[in-house]
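Data block below; observations after.
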């Protein structure tokens with residue numbers, strides 16, 4: 001078989017596999033439980049004076065009957081504490097502590113909380129009104145120790161659209177493959193049973209504390225996905241900041257590999273192979289004059305992204321631009337992963 005055609009076939013089969021599983025998942029009823037345990041929402045905040053009020057108000061504005069909101073100012077240099085304290089609501093508690101990092105701020109908030117279910121979100125994020133209700137409903141059995149929701153990214157720049165499309169793709173993968181075995185309960189929208197957090201000694205102090213905590217909690221029970229629990233969170237607006245953020249995440253992932261399907265080394269290496277093909281195949285098709293195959297690739301990627309985008313509440317523009325966005329992420333992550341692998345190897349030498 002022609003190498004270009006082989007490469008294109010691998011890309012289409014890989015993306016088609018997850019798309020087919022996503023379609024199947026839409027017709028599958030996932031288990032829920034209608035109950036309303038007391039919930040504590042912890043919001044760690046460091047120099048978030050301009051954004052913390054929106055996060056607090058979104059937490060207090062939840063369609064949920066029994067909750068408290070705890071803001072932990074992690075030694076900010078700005079007016080984070082004053083801005084959070086300006087919100088007047090008896091369900092809100094605001095504390096200030098010396099700067100010690102996100103995990104320590106979360107554990108400080110945990111020590112001040114009383115809820116049976118502990119929800120985490122970020123000070124630069126705002127929860128949709130039903131987010132907590134949807135998280136709680138997914139604790140459908142005593143075996144479920146944690147629940148993660150869907151992260152979305154606001155904004156209209158290319159980089160913001162690319163990150164929102166990335167999280168829509170993640171939502172597609174999680175619904176297709178991780179409904180009942182989630183690799184990562186993301187920090188901006190995660191929920192854990194208090195007894196599970198107590199059982200692992202609290203949130204794990206790690207550069208990627210959400211992944212490390214998810215992995216630790218899975219030693220005590222299951223972590224599942226809540227597709228309808230959604231948070232909107234600010235993401236990097238420049239390429240340099242994005243690189244630093246994802247470098248920290250990936251190096252942390254390498255240290256903690258083994259937390260589930262998309263955190264498995266085999267999946268990681270296979271995804272890198274597909275990323276290489278995503279980078280190489282489309283330009284080579286154009287260079288070789290295979291315009292009909294390039295058009296097939298473009299239309300296929302738009303088609304497989306359009307339905308998940310519409311179903312998950314995204315902008316159709318993201319789907320129409322997705323082939324460009326896909327190529328951007330393939331180049332970005334291939335470079336990042338190569339850097340990460342060499343960094344890990346050099347640390348071991």
**Study point:** the range 127-149 - residue that is surrounded by fewer than 23 Cβ atoms within 10 Å (Cβ to Cβ) and more than 20 Å from residue 180 (Cβ to Cβ) and, of those, nearest to the chain's Cα centre (by Cα)
**Key:** 128
Check your understanding: From the set of residues in the range 304-342 that are out of contact with any helix residue (DSSP H, G or I) (no Cβ under 6 Å at 6 or more places or on another chain) and outside any helix (DSSP H, G or I), which is surrounded by the fewest Cβ atoms within 10 Å (Cβ to Cβ)?
Key -> 313
Exercise for review: Take the residues in the range 197-218 that are part of a loop (DSSP other than H, G, I, E, B) and within 20 Å of residue 174 (Cα to Cα), then tell me which one is modelled with the lowest pLDDT.
Suggested key: 208
Check your understanding: If we scan the range 65-73, do we find a residue that is outside any strand (DSSP E or B), in the same structural domain as residue 131 (by TED's automatic domain parsing) and under 16 Å from residue 124 (Cα atoms)?
Key -> no
Check your understanding: Which one of 171, 165, 176 is touching a helix residue (DSSP H, G or I) at 6+ places or on another chain (Cβ under 8 Å), part of a helix (DSSP H, G or I) and modelled with pLDDT under 90?
Key -> 176
Practice item. Test residue 126 against the criterion of being assigned by TED's automatic domain parsing to the domain that holds residue 217, in a strand (DSSP E or B) and farther than 19 Å from residue 205 by Cβ, and give yes or no. Key: yes
**Study point:** Conditions (1) in contact (Cβ under 8 Å) with a residue 24 or more places away in the chain; (2) surrounded by 14 or more Cβ atoms within 10 Å (Cβ to Cβ); (3) closer than 30 Å to residue 293 by Cα; number of the one not met by residue 9
**Key:** (1)
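Here is a list: 301, 292. Which entry is within 25 Å of residue 246 (Cα to Cα) and part of a helix (DSSP H, G or I)? Give the steps one after another, and end with the answer.
Details: 292 fails: within 25 Å of residue 246 (Cα to Cα).
Answer to the check: 301.
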Review point. Is it fair to say residue 294 is assigned by TED's automatic domain parsing to the domain that holds residue 17, farther than 28 Å from residue 213 by Cα, more than 18 Å from the chain's Cα centre (by Cα) and at pLDDT 95 or above?
Key: yes
Check your understanding: Any chance the range 232-248 includes a residue that's crowded, with 18+ Cβ neighbours inside 10 Å, over 17 Å from the mean Cα position of the chain (by Cα) and without any contact (Cβ under 8 Å) to a residue 60 or more places away in the chain?
Key -> no
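Every residue, every condition in (1) within 24 Å of residue 209 (Cα to Cα); (2) in a strand (DSSP E or B); (3) more than 22 Å from the chain's Cα centre (by Cα), yes or no:
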position: 76; (1), (2), (3): yes, no, yes
position: 81; (1), (2), (3): yes, no, yes
position: 95; (1), (2), (3): yes, yes, yes
position: 99; (1), (2), (3): yes, no, yes
position: 106; (1), (2), (3): yes, no, no
position: 109; (1), (2), (3): yes, no, no
position: 114; (1), (2), (3): yes, no, yes
Review point. Quick check: anything in the range 336-347 modelled with pLDDT of 90 or more and under 22 Å from residue 20 (Cβ atoms)?
Key: no
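The values are calculated or read from the model by the stated rules, or taken from the named source; none is laboratory data. Just so we're clear, the structure is a prediction, and the values are computed from it rather than from any experiment. Heads up, the Cβs are rebuilt from the backbone with ideal geometry, glycines too, and the neighbour counts pull from every protein chain shown.
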